[in-house]
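Notes for the one structure printed next.
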Amino acid sequence: MSASERTYIMVKPDGVERGLVGNILTRFEQKGYKLCALQMMQPSKSLLEEHYKDLNTRPFFPRLIKYMSSAPVVGMVWSGKNAVKTGRKILGATNPLDSEPGTIRGDYCIDVSQNLCHGSDSVESAEREISLWFPAGVCDYQRRYDSFIYE
Ligand code: IDP
Ligand code: MG
């Protein structure tokens, strides 16, 4: 586990439409994670098919791709200690019926297909997703206040 662990977090079309981008971004910022990249774009179906390729045999896959490509999303890269696992905790369980209050999904949504956000599920998938969504690379910089966050 290193302070340079990275995760890909994405606000889905429902989160953008509902004006929750700032709220989602703020939770990661206030936790202490370091923002390394941020972009708004309307993704192509082929980009999403690659992003979600592990799910391509699932019955909801066609609807997921259609929905995710229907409007802009906001993607971010955050780095910090345990960013992948803690990032998923900040989002909450995939199905909002199971997401704890205090998590993004637990606080702001109801149905699994409109669960507001995406977060990488392992360090390997985070690195794959970061290369996929940010092929030109992300910002790599020293943050001075890290000494107030890490011992
Ligand atoms: P995750 O987003 O928490 O990693 P995954 O299993 O990777 O969850 O599924 C990707 C996305 O597909 C979910 O966030 C959700 O929007 C959607 N999804 C997952 N399971 C279902 C389902 O049973 N019905 C409809 N949509 C689903
Ligand atoms: Mg997933």
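The values are calculated or read from the model by the stated rules, or taken from the named source; none is laboratory data. Computed from a prediction, not measured in an experiment: that's the story for all the values here. Glycine gets a Cβ as well: all are built from the backbone with ideal geometry, and neighbour counts include every protein chain shown. Calculation scope for accessible area: heavy atoms of the full protein, side chains included, ligands and nucleic acids excluded. Shrake-Rupley method; radii C 1.70, N 1.55, O 1.52, S 1.80 Å.
Could you count how many residues in the stretch 103-120 are more than 13 Å from ligand 2 (Cβ to nearest atom), touching a strand residue (DSSP E or B) at 6+ places or on another chain (Cβ under 8 Å) and charged (D, E, K, R)? Write out each step before concluding.
Going through the stretch 103-120, the residues more than 13 Å from ligand 2 (Cβ to nearest atom) turn out to be 103-104, 106-111, 113-114, 116.
Of the ones still in play, those that are also touching a strand residue (DSSP E or B) at 6+ places or on another chain (Cβ under 8 Å) are 104, 107, 116.
Now narrow it down to the ones that are charged (D, E, K, R): 107.
Qualifying residue count for the region: 1.
Does the stretch 59-67 include one or more residues that are farther than 16 Å from Asn23 by Cβ, of a type in the set (Ser, Thr, Tyr), in contact (Cβ under 8 Å) with a residue 24 or more places away in the chain and within 14 Å of ligand 1 (Cβ to nearest atom)?
Residues of the stretch 59-67 farther than 16 Å from Asn23 by Cβ: 59-67.
When the remaining residues are screened for being of a type in the set (Ser, Thr, Tyr), the result is 67.
From what's left, in contact (Cβ under 8 Å) with a residue 24 or more places away in the chain: 67.
Cutting the leftovers down to within 14 Å of ligand 1 (Cβ to nearest atom) gives us 67.
Yes; the residues of the stretch 59-67 include at least one that is farther than 16 Å from Asn23 by Cβ, of a type in the set (Ser, Thr, Tyr), in contact (Cβ under 8 Å) with a residue 24 or more places away in the chain and within 14 Å of ligand 1 (Cβ to nearest atom).
Provide a single number: the residues in the stretch 111-151 that are closer than 19 Å to Arg27 by Cα, in a loop (DSSP other than H, G, I, E, B) and acidic (Asp, Glu).
1
Please go through the stretch 68-85 and pick out each residue that is crowded, with 21+ Cβ neighbours inside 10 Å and in a loop (DSSP other than H, G, I, E, B).
Within the stretch 68-85, just Gly80 meets the criteria.
When the residues of the stretch 14-53 are narrowed to those that are assigned to a helix (DSSP H, G or I) and without any contact (Cβ under 8 Å) to a residue 24 or more places away in the chain, which ends up most open to solvent (accessible area, probe 1.4 Å)?
The extreme case among them is Gln30.
What are the residue pairs meeting all of these: first residue in the stretch 118-137, first residue free of Cβ contacts under 8 Å to residues at least 40 places away in the same chain, second residue surrounded by 16 or more Cβ atoms within 10 Å (Cβ to Cβ) and β-branched (Val, Ile, Thr), Cβ atoms under 7 Å, and 6 or more apart or on different chains?
Ser122/Val84
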